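The values are calculated or read from the model by the stated rules, or taken from the named source; none is laboratory data. Only a predicted model underlies this, so the values are computations on that prediction, with no experimental measurement involved. Cβ coordinates were reconstructed from backbone atoms using ideal geometry, including for glycine residues, and neighbour counts include every protein chain displayed. Please note that ligands, DNA and RNA were not included when accessible areas were found on the heavy atoms of the full protein model with its side chains. Shrake-Rupley method; radii C 1.70, N 1.55, O 1.52, S 1.80 Å.
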Amino acid sequence: MQDPKEQAKQRISELSEELKRHNYNYYVLNSPEITDFEFDKKMKELQKLESEYPEFLSEDSPTQKVGSDTDRQKGFFSRKRHRFGMFSLANTYNMEELYAFDARIKKAVEGMPCTYVCELKFDGTAMSLTYEDGILTHAVTRGDGEVGDDVIENVRMISGIKENISEGLELDRHPERRYLEIRGEVYMPYPAFDALNKEKEIEDEPPFANPRNAASGSLKLQDPEIVKERGLAITLYQIASENEICATHLENMELIRKCGLPVSKHIRLCSNIDQVMEYIGEWDKKRSELDYATDGIVIKVNELQAQKALGFTAKSPRWATAYKFQAERALTRLLSIDYQVGRTGAITPVANLEPVLLSGTTVKRASLHNYDCIRELDIHDGDYVYVEKGGEIIPKITAVELSMRQEGAGIPEFPEFCPDCGARLERNEGEAKHFCPNRNGCPTQIKAAFEHFASRKAMNINAGEATIAQLYDKGYIRKLSDLYKLGPEQLLTLDSWKEKSASNFLESVEASKKRPFRCVLFALGIRHIGETTAKLLAKEFGNIDALSSATREELLATEEIGEIMADSILDYFHNLENLKIIQELRSFGLNFAVSQEQPKTGALSGKNIVISGNFSISRDEMKQLIEDNGGKNQSGLSSKTDYFVTGEKCGPAKIVKARKLGIKPISEEEFYKIINSHEQS
Ligand code: IVH
C-alpha cells in the first residue's frame, strides 16, 4: 500500500497537469474535451487535497491561477496589462453551499449593510473595456488575469459598444471617473450562432461546438470585417477603478446603462439569501426561453464597502459566487458503437443509443471522441449511460450507471482497421485520436479532399458535397487533377444535370486556373495549413518548388509556422503521390508561383499602414490596394506606423493615440494622392 501522503502528492500533480491541459483546450483552442461539470469536479478534488496537504500546493497550481486565453505563440494582437487583475468566480452546483456562502459573508461583514444582487451568468468570454477620459482606448481579453490581448478593432464591431461615454460619465463633476475598466461578457446569441454554423457547413469548415467557443474564437480573428458579420453581443457587469465610483454595484450598473452601454435587464436586488434562492428557482426554468446561453446565476454583494472588506482569494472575489445550473441529463441504453472516418482520417467513435428525450429533443447518438474516452468512462457493451447536452450541439456521454450493468458485459473493441478502406489504423504519440493513414486511397478522405479543393476560398469550383459524391461514385474522379479532365459526356450523366449546369461547372473549372498560388496551396489540403498560413507560405517561399524543398529549419523560421505545421508540410512533400498530383495540376495550368507582377508602384514600399473607419471602397479592397503598392497592413498603431488612413466613423481613441505617437492622420483622398503622385514620378 502506498503512503497516503505520497498518494496525495501524486494525485495533486496528476490533477494539476490535467486541469492545465483542459484550461488550454477551453481557453486557447476553444475546444473543450470535458464538460464544465467534470472540470469543476476535478478542480474541487484538487482544492480539497491541497488544503489537506498544503505542503504540495504550488504557486502555479490551477487552483491559484485563472485559465489563460492567450496563445503566446501567435502574437497577432498587442498584449496589455490590466490595471486591476481580472478574477474568476468561485462556483457551486449546490444550494446548501449558497447558504454557507451567505453565512460566511454575514460573519465577515457583521454590522455593515449587506444585500445581494443576482445576475444571469452569461456563457461567453470575459472582456475589459478601458475608458480614458470617457473614450474607449483598449478592449482586452482576460488573458491570464493579469495580461490579455487587446482586440479593440474586433470589439468595435460589436453592436452596443460606444466609443465615447464622456457625457454619461459627467466627467466635469466626476473626475474620479477619468480612468475606468468596464468589464463584461462578449457572447454570441443563438440565432447568430446557428447562422454561423450553417455558413461553416456550406463552406465545409468544422462547426463551433457551442456559442461560447464561437464568441471567443471570433474575438481572435484577424479581420474585423469578418467579426462584424458574426453578430456578437456584449453585456457589462462590473466597473473596476482605483476610486469608488458609486456606493453600490447596482448604482454602478445604472451608471453604465446611462452611458448607453448594454447591461442585462435581468439584474435583481435581493435583500436576503431566500430571495436569492427564489431568483435561482425562477431562472432555472426561464433561461431556456432566452436567445443566448447562460450557465448559471452570479450572486454579488451589492455594497462596495462590504465588497472591499471581503476582498479576494488568489483567484476569485470573496464577495461573489456563481451558482451553476446542472446540465440536463438523461439515462439511456447504449445499443452499439459506430466508428466514423472524418475528413482528415480521424476516427471518432459514435454511440447509438435507445432514443431518449433531452432538453426538448430526441437523442439517438452521442459522440465518444476517442478510444481514451471510452476507457475513461469504462463503457461496457449494453451499458446504461448518462447523456448531457451542456450547450454543445452533439450530446455527450458523461457517465455509466454501474448498478445497471449486465453481468459478463464485454468491453467494446476499438477497430484495428479503417471501417471505410480497411487500412490499418495508426495513432501518433501524444494524440488522442486514431486515424486512417490512407489519405489518397480512403473514399471518405478522398471525397473530403475534393470538397475542400473545390470550396469557395480554395479553387471556387461549382461542386458541392453531393456532386463530388456522384463524381466519385461513378468513378470519374480519384486524383485532384481528374477534375480538370471532366467533360460534358461525364457531367451530363449526373442526376438532373443539364447543359447549363455542366457549362457552369466547366467555366468554374477554367476560372480556377487563374486562382492565385495562395489559394492553390490552401486547396491542396496539407494538414494544419489553413487559409492564412497558406497565404503566409506563398508570400515567404514564392513558389511550390521552393516550398517543397524547404528544410525543417527554414519552415520553422517562417512567422507563425510551428513544429506541427512544419512536420505536416515535410510529410506532404515527402509523399510521392502528392508530388505527382502537383505535377499533373501544373500541367493543367494552375498557379504554382506567386504572380511575377511587381507591385504597381513602390509608393508604399517599406511603409507600415493602419486603416480605420469606413472608406468609399471596402476595407478588404483598401488593404489589397496597400499590398499592391508594396505597403504592409498593420492592425494597430505603433511607433513603426508610417501612415494612418482615416475613413468615416474612425475611432476617436485611435486619433488620440496617433497624435500621442506623432503620426498625422490622413484622409482617403490624401492617401490616393500619395499613390498617384508616385505613379507619375
Ligand atoms: S462578475 C471578479 N458577472 O463568469 C469576477 N461574471 O466563471 C467578476 N460571467 O470571469 C465577474 N456573467 O467572465 C460576473 N453577470 C456576471 C457574469 C460573469 C458571466 C463570467 C465572467 C467570469 C466568469 C467566471
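Checked against a 22 Å cut-off, the cross-linked pairs Lys198/Lys535; Lys200/Lys580; Lys607/Lys657; Lys364/Lys396; Lys364/Lys389; Lys121/Lys265 give Cα-Cα distances beyond that limit for Lys198/Lys535; Lys200/Lys580. Distance from the C-alpha centroid of segment 491-509 to that of segment 93-118: 70 Å, rounded to the whole angstrom. Net charge within 11 Å of Lys623 by Cβ-Cβ distance, Lys/Arg positive one each and Asp/Glu negative one each, not counting Lys623 itself? Once all neighbours under 11 Å are counted, the net charge is -4.
With the convex hull of the Cα atoms taken as the outline of segment 478-580, the averaged projected area works out to 7.5 nm². Could you tell me whether segment 602-681 comes out rounded, prolate or oblate from its Cα gyration tensor? Rule is a ≥ b ≥ c as square roots of the eigenvalues, rounded for a/c under 1.5, then prolate if a/b exceeds b/c, otherwise oblate. Prolate, because a/c is 1.5 or more and a/b exceeds b/c. Backbone geometry of segment 243-251 corresponds, through the Karplus equation with coefficients 6.51, -1.76 and 1.60 at θ = phi - 60°, to 3J(HN,Hα) couplings of 9, 6, 8, 10, 8, 10, 4, 4, 5 Hz, x marking Gly and Pro. Rounded to the nearest 500, the helix-only mean residue ellipticity at 222 nm of the chain stands at -10500 deg cm²/dmol, with each DSSP H run of n ≥ 4 adding -39,500 (n - 2.57). Note that segment 663-671 has calculated 3J(HN,Hα) couplings of 9, 8, x, 10, 7, 4, 4, 4, 4 Hz, one per residue in order, obtained from phi through the Karplus relation 6.51 cos²θ - 1.76 cosθ + 1.60 (θ = phi - 60°); glycine and proline are x. More than 19 angstrom separation, counting every C-alpha pair in segment 190-244; what % is that? Result: 35 percent of Cα pairs exceed 19 Å. Using heavy atoms of the protein chains and a probe of 1.4 Å, the accessible area assigned to Arg257 is about 90 Å².
Using the empirical formula 2.2 N^0.38 Å as the baseline, the Cα radius of gyration of segment 159-209 reaches a ratio of 1.92. Dipole magnitude for the chain: about 1360 debye, using +1 per Lys or Arg Cβ and -1 per Asp or Glu Cβ, origin at the Cα centre. Eigen-decomposition of the gyration tensor built on the alpha-carbon atoms of segment 114-220 gives equivalent ellipsoid semi-axes of 31, 16, 13 angstrom, largest listed first. Ellipsoid fit via the Cα gyration tensor, segment 326-468: semi-axes of 32, 20, 12 Å, each the root of five times an eigenvalue, largest first.
Split the accessible area of the chain by element, probe 1.4 Å, and carbon with sulfur accounts for 49%.
Electrostatic tally near Gly345: other residues with Cβ closer than 14 Å to its Cβ, Lys and Arg +1, Asp and Glu -1, net +3. Each part gets one Cα centre, and for segment 655-678 versus segment 209-268 those centres are 32 Å apart. For segment 41-116, the Kirkwood radius over C-alpha pairs fed into Stokes-Einstein at 20 °C and 1.002 mPa s yields D = 132 µm² per second.
Taking only alpha carbon atoms, segment 373-432 gives an Rg to Rh ratio of 1.05, where Rh is the Kirkwood radius. If only the Cβ of Lys and Arg carry +1 and only the Cβ of Asp and Glu carry -1, the dipole of segment 42-120 around its Cα centre is close to 560 debye. Once C-alpha pairs closer than 8 Å and six or more residues apart are averaged by separation and normalised to the residue number of segment 240-336, the relative contact order reads 25 percent.
Selection among Gln7, Phe573, Ile347 by position relative to the dipole of the chain gives Phe573 as farthest towards the positive end (Cβ unit charges, Cα centre). The listed residues Trp283, Trp497 rank as Trp497, Trp283 when sorted by accessible area, largest first, using a 1.4 Å probe. Overall, segment 398-472 carries a charge dipole of about 420 debye about its Cα centre when +1 sits on the Cβ of Lys and Arg and -1 on the Cβ of Asp and Glu, all other atoms neutral.
Over all pairs of different C-alpha atoms, segment 392-534 has a mean inverse distance whose reciprocal, the Kirkwood radius, equals 18.2 Å.
Run the reach check for Lys48 against aspartates and glutamates, Cα to Cα strictly under 19 Å, same-chain hits fewer than 8 apart removed. What comes back? Qualifying aspartates and glutamates at Cα under 19 Å: Asp3, Glu6, Glu14, Glu17, Glu18, Asp36, Glu38, Asp40, Glu59, Asp60, Glu96, Glu97.
Per-residue 3J(HN,Hα) values for segment 434-451, derived from phi via the Karplus relation 6.51 cos²θ - 1.76 cosθ + 1.60 with θ = phi - 60°, read 7, 8, 8, x, 7, 3, 8, x, 8, x, 4, 6, 5, 4, 4, 5, 5, 4 Hz in sequence order (x marks Gly and Pro). Equivalent-ellipsoid semi-axes for the chain (Cα gyration tensor, √(5λ), whole Å, largest first): 45, 38, 23.
Shape analysis of segment 216-333 places it in the oblate category; the axes a ≥ b ≥ c from the Cα gyration tensor give an a/c of at least 1.5, with a/b not above b/c. Cysteines in the chain that lack a partner Cβ within the 4.7 Å cut-off: Cys114, Cys118, Cys246, Cys259, Cys270, Cys373, Cys519, Cys650. Placing unit charges on each Cβ (+1 for Lys and Arg, -1 for Asp and Glu) gives segment 283-412 a dipole about its Cα centre, and among Leu310, His369, Val356 the Cα reaching farthest toward its positive end belongs to Leu310.
Is the shape of segment 65-183 best called rounded, prolate or oblate, per the rule: a/c under 1.5 gives rounded, else a/b larger than b/c gives prolate, else oblate, with a ≥ b ≥ c the square roots of the Cα gyration tensor eigenvalues? In terms of gyration-tensor shape, oblate.
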